[in-house]
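Take a look at the structure set out below.
Computed from the coordinates by the stated procedures, all read-outs in this text should not be read as laboratory data. Note that the structure is predicted; figures quoted are calculated from it, not measured.
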């Protein structure tokens, strides 16, 4: 099925490695069009159904008025820790802990780590930040965010790990709503 705009619609199904299946134009048969469940949520392999893939994007700013909030945390590494060790630990063991905490993960819609790559040679009219990175976490609402960060398993495992590599007093956070202007 191709929409009037000539674009192929996204099939609503479970993500596979953070991606949704999108049929190539003209792929859906008339029978499948009548019964969209025939492209089942059991899809787990990249080549099944002769599909191409698109990256999963947060479902924000839709015309229905559904908006998500984003927690932005500006992070400084723990004093005495090298930049390399900080980035390696944050990306590796800590990232694995966050993703492994199912009670926490079920509340988040997207999680992005942004690691500072350089502060040298930047010629912009603003001051360069002394933060080492930023974490971005998308939630359906402030209530969902509060619930996630108060899950007992998060408080028992992930939160104590923050002090292993983060200067907690040096971090800043903002809860924001994105208002896209380009892209």
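Classify region 75-183 from the C-alpha gyration tensor, please: rounded if a/c falls under 1.5, else prolate or oblate depending on whether a/b exceeds b/c. Taking the square roots of the gyration eigenvalues as a ≥ b ≥ c, region 75-183 is oblate. Between residue 124 and residue 168, the contour length at 0.36 nm per residue exceeds the Cα-Cα span by 13.0 nm. Quick check: Cα centre of region 64-116 to Cα centre of region 126-166, how many Å? Here the two parts' Cα centres lie 6 Å apart.
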